[in-house]
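Colleague: Before anything else, here's the structure in question.
Derivation of every value follows stated rules applied to the coordinates shown; laboratory data play no part. A quick note: this is a predicted structure, and the numbers were derived from the prediction, not measured. We place every Cβ from the backbone using ideal geometry, glycine too, and count neighbours over all the protein chains shown.
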Amino acid sequence: MVALRKFVEVGFLLLLVLLPLGSAHLFSDFYIVLFLRIFIFGILMLGFDLLAGYCGLTSFGHAMFFGTGAYVAAITWKYLNNSVWLGILLGLGLNTIAGYILALLCVRTRTIYFVFLTLAFSQFFYVAADSWRLIGGTDGITGIPSPTLIPGISLGHRTGLYYFSLAFLVVAYWIARRIVNSHFGRVLKGIHENEERIKFLGYNASLIIRRVFLISGLFGSVAGTLMVCFQPFVPPTYYHVSLSGSFVIMALLGGMGTLVGPLLGTAIIIFMDDLLSTWFKESWMLCLGGIYILCVLYSPEGVTGIAKHISVTGVLTKLSNGLTKGLNLTKN
Amino acid sequence: MKRNNNGSKRGLRKNLMNRRDFIKTIGITGGAALTLGIPGSFSLVRAAEPEIRIGHATALSGVFAVGGPLLDKGLRLAFSLSKYKDRVKFFLEDTQVKAEVAVQKALKLYEKDKVHILVGPIAGHESAAVSAVLTPMKKLLVEAYGANSYLVGKDCSPYTFMLGHTTYNLSVPMAPWFLKNLGNKVFLVGADYRTGRDIALFFREAFEKIGGKVVGEFYSPLGTTEYAPYLSQIRNAKEKPNGCFGFYGGSDCINFVRQFEEFGLKKDGYIYISSIGAFSMNVLGAMGDAAVGFYDCFHTVPYMDIPQNKTFMAAWQKAYPGEMIDEFGIMGFDVGVCLVKALDAVGGDPTNTEGLVSVLHKIEYESPRGKIRMGPNNGTIVPMYARKVVKKEREFRHEATFLGFFGTPCGPQYEWGECKLGCPST
Amino acid sequence: MTFSTVMVNLLYGITIGSAYTLIAFGFTIIFGVMGVLNFAHGGFVMLGAYVGFTIIKLTKNFWISLFLAPLGIALLGGIVEKFLVSRFYGKDIHFTLFLTFGLSMVFSNAVLLIWGGVPQSIQLPYYFKGFINLFGIYYPKFRLFVLVFCCLLVSSLWIFLTRSRWGSVIRAGLFDIETVEAFGIDIYRVFSFLFIFCSGMAAVAGVIIGAMRSINPVMDLDFILVALSVVVIGGLGSFKGALIGSLILGLAEAFGAQAIPGFAKFTTWAIMVAVILLRPKGLFSER
């Protein structure tokens, strides 16, 4: 049973690995770009799910970590040294400090107030970056050189970046799974179910929440850094609340608390974004909004919720019933 | 806090997904993606056709949304009058005046829609980002707006062409005009991003060199709707300025100018001078009479009395009856005319990017603005006018004062540096 | 800063603050009583502005527009509440969050499709154009009207909340909705009424603010941020919080541009962060 799941997982992974090789022939190179975005945002979403899905604290400010990772990487590669590892490390470093401080400030509240606080901080960072001319103001940082994997191998090439990000995604997923399956993960879920009970059991809930906040931020930091490998500029809108909001939506669409759900939500939204803006040039946002509304009405738990509620035999039975009825009618 | 009967907080179920659900989820998503996505892209990959695909990434929403659709109309009009009218296919995308969206759309147009030429975004920071991404890919970018002097300076690229203007030639020629016609005291304003700040900065340098004085300045974030806190600073300047110069465009311009009048500044004799043709016909329509008597700086004047413009106006009014002649429309047409001429020179083969690039580098063409010549740093040399907004028989018009022909110089002595392709002598 | 600058900023701060109260009040009450986080609230403001714009274009009468546009939007609010929002009462806030988020996208795009991306201006009647000279400072006539009008409206709201029967039901609902239900009051009717009323209020704010500035299809984002900022500063679910928070926000906007040149928007959010640090739940939170 477990083997079957592992088989599906590995198979899917293999597909993703082989994708760039066949892409130029089967379909356009453009899809690599789409998948790249899915991988990058996916890494962030894994961290987000730890905080929001498992621990129950929906953060409307994850763009903070994303943006900080991006800005630090940009400044590092432009002015210091364009080693990708240096960018990642420095990004993680600054985000650890920022995450620690933010955790102290934000974790005094729960649920709706936590939403507001994280949202306010996200916008605060946006406005600060937008106004601070030292880091570029509204224009952001431009002219960032491509980072190098090791001196000599540049990560500017798209396919190389694809595999690099995929590798990070796999590692991130592995880490997230380990966290979720560990004792720490169970305590997180416990906090979500009933924080008072966890406290009674002797756990320091605030400390644990601050830790998971920090950890989820680190995922976001790596995502932001990878984004700059891909797009050589960093606008202040990487901190904007609309980006934070889109993370929440991606998680909700896919199904929070499953790790796979937010990844799927990200993939769905990025694909749909592209498809809809091709088919419905001017009304794609309306269609997307409509899809969200339908999703909430009929499957509030997202795509993973759909999976839980339908069963293959059920669908087949309904289909065959319909067919039989149809055939009977035509006979008469 | 809502609670269940057993006291636990209500929340979404987040059980660990079991194997079956996992497979089903993957199956649903994968199936949906395949059915929707792959066939869509297959249809785009066909054998090379003699089709000319032109991508246009512009502002259809956001601060400069007034311009995008008009640029597009002008572009299509130019091609519909050419011999390529049956071969050309346009792809329009919205950049929302955001640099990262502009880059996304540019990549999408080139890689998914397989366009041959990209007509680029309106805002200066967008054009810089798109140029930086497309140049290493050796893809063509043609800009009607995108005023950014760096793109004809150190960030210049053999593949990027600025057909309209840059922040240099929209600000510096105004300095001597201002001194002669208004006075020697200026208050600088503008939208707080690279383009707005550069226009004010270059004007200041030129103005102070000829003996002018800056009595105050402020810059407000792009997209500000409320100028009340700023306008009082103009009144409180240490000396009364002869005019306020600086770039506000699109919806910023509408809000600023309306509030400029509402707060009594216009009545008390303060004048506002904008740039980049901010007082375009459609914007004037939205502003009411608030802008009458103000000035701006641009290289094209709708209803100008020259033969090329008359041809254009007739064609526009025939193709789009009832639609106002507008600067954005003229510039879209200008880009179209230029591209048609370039395509003629490479025998109508849009896939010959290198050929197009070398032709565009030295191109001269007849635009509704007059005769336009490309400078060595891939920026055009254009006639510049100081335009005054007037009202004639209930319609807005511009009274234009010719300032001279201006390209954009480059070199180490300028902020934007030197373009490795060469610098014009102007 | 001169006296006139301070006065203009003060006047403007209070003007826009009272207009923001109309928006923030609706947002906070909807959440406080119904537990619904209405992300589409900014959308209602925007729709109010656009519908008002169209009505003025057709009838050339500002007052008719000020009266009809909110009615229309209130009706829309009622439809939204009945068919969409009401299904999620008592459930997790994520559902309504997702729902209203999608709704806000629909509204924004619908406005873009119907009215186009070009910013429009609401034409004011001639007696509102221009400015008057108040003790040596120049202030636009229309803004003075907005100040007076919004103060009147906010005061009537306050009187309604404190003196009327419905008002006391609402205040009780802010405190504990289950007890209200226990008193035999049909809370679902209360919810419908509230949603309709607050949407209408948002639309009034939309027409007024739209007439002060230009309107565009992405303005709903600004207004939902306003509502959220006020709630962060003033606290959730309280009228006083909405009022004080809006005033603080308005004054921050007005004086912020002068305080640190180039950091205009920053001042507003810096104040918000300061409030958060001191009182994470806002100044007057009732929960």
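Colleague: Tell me the Rg and the Dmax, in Å, that the Cα atoms of chain C produce.
Modeller: Calculated on Cα positions, Rg and Dmax stand at 18.7, 58 Å.
Colleague: Follow-up. Return the whole-Å distance between the Cα centroid of the stretch A:82-124 and the Cα centroid of the stretch B:323-372.
Modeller: Between the Cα centres of the stretch A:82-124 and the stretch B:323-372 lies a distance of 49 Å.
Colleague: Across peptide C:189-202, how many C-beta atoms of other chains are within 10 Å of each residue C-beta, on average?
Modeller: 0
Colleague: Can you work out the Karplus-derived ³J(HN,Hα) for every residue in the stretch A:90-95? Use 6.51 cos²θ - 1.76 cosθ + 1.60 with θ = phi - 60°, whole Hz, and x for glycine or proline.
Modeller: Calculated HN-Hα couplings, in order: 5, x, 4, x, 5, 5 Hz.
Colleague: Please report the relative contact order for the stretch B:174-275, taking Cα pairs under 8 Å with a sequence separation of at least 6, and give it as a percent rounded to a whole number.
Modeller: 33 percent.
Colleague: Can I ask one more? Please give the net charge around B:Ala99, taking every other residue with its beta carbon less than 10 angstrom from that of B:Ala99, where Lys and Arg add +1 and Asp and Glu add -1.
Modeller: Taking every Cβ under 10 Å from that of B:Ala99, the sum is -2.
Colleague: Let me ask you something else. Give the separation of the Cα centroids, the stretch C:180-235 to the stretch C:86-113, in Å.
Modeller: 14 Å
Colleague: Using only the alpha-carbon atoms, how far is helix C:93-115 inclined from the longest principal axis of chain C? Give it as 0 to 90 degrees, nearest 10.
Modeller: Taking the Cα atoms of chain C, the angle to C:93-115 is about 40 degrees.
Colleague: Could you tell me how far the Cα centroid of the stretch B:58-134 sits from the Cα centroid of the stretch A:152-176, in Å?
Modeller: Answer, in whole Å: 31.
Colleague: So how tilted is helix A:284-298 from the main axis of chain A? Cα-based, degrees 0 to 90, rounded to 10.
Modeller: 60 degrees
Colleague: Related question: Can you give the Kirkwood hydrodynamic radius of the stretch B:340-386 from its Cα pairs, in Å with one decimal? Before the final figure, lay out the partial values.
Modeller: Values: mean 1/r = 0.0871 Å⁻¹.
Its Kirkwood hydrodynamic radius stands at 11.5 Å.
Colleague: Using the 2.2 N^0.38 Å rule of thumb for compact globular proteins, work out how the stretch B:60-132 stacks up: its C-alpha Rg over that value, please.
Modeller: This ratio for the stretch B:60-132 stands at 1.12.
Colleague: At 20 °C and 1.002 mPa s, grab the translational diffusion coefficient of the stretch A:1-136 from Stokes-Einstein with a Kirkwood Rh over Cα pairs, rounded to a whole number in µm² per second.
Modeller: 121 µm²/s
Colleague: Work through the residues other than A:Ser206 whose Cβ is under 11 Å from its Cβ and net out their charges, Lys, Arg +1 and Asp, Glu -1.
Modeller: Spelling it out: positives minus negatives among the neighbours equals +4.
Colleague: Suppose we keep just the alpha-carbon trace of the stretch A:178-218; what are its Rg and Dmax in angstrom?
Modeller: Cα only, the stretch A:178-218: 9.9, 29 Å (Rg, Dmax).
Colleague: What order do you get for B:412-423, B:171-182 when each peptide is scored by the mean count of other beta carbon atoms within 10 Å, highest first?
Modeller: Highest to lowest by the protection proxy: B:171-182, B:412-423.
Colleague: Output the Cα-based Rg and Dmax of the stretch C:78-172 in Å, rounding Rg to one decimal and Dmax to a whole number.
Modeller: When restricted to Cα atoms, the stretch C:78-172 yields Rg and Dmax of 20.4, 56 Å.
Colleague: Shape of the stretch B:328-426 from its Cα gyration tensor (a ≥ b ≥ c, root eigenvalues): rounded if a/c is under 1.5, otherwise prolate when a/b > b/c, or oblate? Can you show the working numbers first?
Modeller: Values: a/c = 3.09, a/b = 1.33, b/c = 2.33.
Taking the square roots of the gyration eigenvalues as a ≥ b ≥ c, the stretch B:328-426 is oblate.
Colleague: In a shell of Cβ-Cβ distance under 13 Å around B:Ser157, excluding B:Ser157 itself, what net charge do Lys and Arg (+1) and Asp and Glu (-1) give? Walk me through the intermediate numbers first.
Modeller: On the way: positive: B:Lys138, B:Lys139, B:Lys154, B:Lys420; negative: B:Glu143, B:Asp155.
Here the count lands on +2.
Colleague: Now a separate question. Taking the Kirkwood radius as the inverse of the mean 1/r across Cα pairs, report the Rg/Rh of the stretch C:1-98. Intermediate values should be presented prior to the final figure.
Modeller: On the way: Rg = 17.4 Å, Rh = 15.7 Å.
Answer for the stretch C:1-98: 1.11.
Colleague: Per Stokes-Einstein, at 4 °C and 1.567 mPa s, what whole-number D in µm² s⁻¹ belongs to the stretch B:174-275, with the Kirkwood radius over Cα pairs as the hydrodynamic radius?
Modeller: So the translational diffusion coefficient is about 97 µm²/s.
Colleague: What percentages make up the Cα-Cα pair-distance distribution of the protein assembly as shown when the bins are 10 Å wide from 0?
Modeller: So the P(r) values, bin by bin, are 2, 10, 20, 24, 21, 14, 7, 2, 0, 0.
Colleague: Ratio of chain A's C-alpha Rg to 2.2 N^0.38 Å, to two decimals?
Modeller: Dividing the Cα radius of gyration by 2.2 N^0.38 Å gives 1.09.
Colleague: Still on this structure, please answer the following. Hey, could you get me the Stokes-Einstein D for the stretch B:260-369, Kirkwood radius over alpha-carbon pairs, 20 °C and 1.002 mPa s, rounded to whole µm² s⁻¹?
Modeller: Result for D is 131 µm²/s.
Colleague: Something else: Partner chain Cβ atoms within 10 Å, averaged over the residues of B:252-265 - can you pull that number for me?
Modeller: The mean count of partner-chain Cβ atoms within 10 Å per residue comes to 4.
Colleague: So who's got an amide H within less than 5 Å of the one on B:Gln96, skipping anything under 5 residues away but keeping other chains? H placed 1.01 Å off N, in plane.
Modeller: Close amide H contacts, sequence-distant or interchain: B:Leu60, B:Ser61.
Colleague: State whether the stretch A:130-239 is rounded, prolate or oblate according to the following rule on the C-alpha gyration tensor (a ≥ b ≥ c being the square roots of its eigenvalues): a/c under 1.5 gives rounded; otherwise a/b larger than b/c gives prolate, and the remaining case gives oblate.
Modeller: oblate
Colleague: Using Cα pairs under 8 angstrom and six or more residues apart, how large is the relative contact order of the stretch A:25-298, in percent?
Modeller: 37 percent
Colleague: What order, most packed first, do the peptides B:60-70, B:262-272, B:325-335, B:278-288 have when packing is the mean number of other Cβ atoms within 10 Å of each residue? Show your work: numbers first, answer last.
Modeller: Values: B:60-70: 25.6, B:262-272: 18.7, B:325-335: 27.2, B:278-288: 23.1.
Order by mean packing, descending: B:325-335, B:60-70, B:278-288, B:262-272.
Colleague: Continuing with the same structure: Roughly speaking, what % of Cα-Cα pairs in the stretch B:106-171 are separated by over 15 Å, rounded to a whole number? Don't skip to the end; give the middle numbers.
Modeller: Working: 941 of 2145 pairs.
Summing the P(r) of the stretch B:106-171 above 15 Å gives 44 percent of all pairs.
Colleague: Most exposed first by the Cβ proxy, i.e. fewest other Cβ within 10 Å, how do C:Asp220, B:Asp344 rank?
Modeller: Details: C:Asp220 25, B:Asp344 13.
Result, fewest neighbours first: B:Asp344, C:Asp220.
Colleague: Taking every pair of alpha-carbon atoms in chain B, give the share separated by more than 28 Å as a whole percent.
Modeller: Cα-Cα pairs in chain B separated by more than 28 Å: 51 percent.
Colleague: Once phi is turned into ³J(HN,Hα) by the Karplus curve 6.51 cos²θ - 1.76 cosθ + 1.60 with θ = phi - 60°, what whole-Hz value does each residue of the stretch C:53-65 show in order, with x for glycine and proline?
Modeller: Result, ordered by residue: 4, 5, 5, 5, 4, 7, 9, 6, 10, 5, 5, 4, 5 Hz.
Colleague: Measure nothing but the geometry: give the 0 to 90° angle between the long axis through the Cα atoms of A:111-131 and the longest principal axis through the Cα atoms of chain A, rounded to 10°.
Modeller: 50 degrees
Colleague: Fewest first, what order do C:Asp176, A:Asp29 take by the number of other Cβ atoms within 10 Å? If you can, show how the numbers build up before the last one.
Modeller: Working: C:Asp176 10, A:Asp29 15.
With the fewest neighbours first, C:Asp176, A:Asp29 line up as C:Asp176, A:Asp29.
Colleague: When you look at the Cβ of every residue in A:116-123, what mean number of other chain Cβ atoms sits within 10 Å?
Modeller: Counting Cβ atoms of other protein chains within 10 Å of each residue's Cβ and averaging gives 6.
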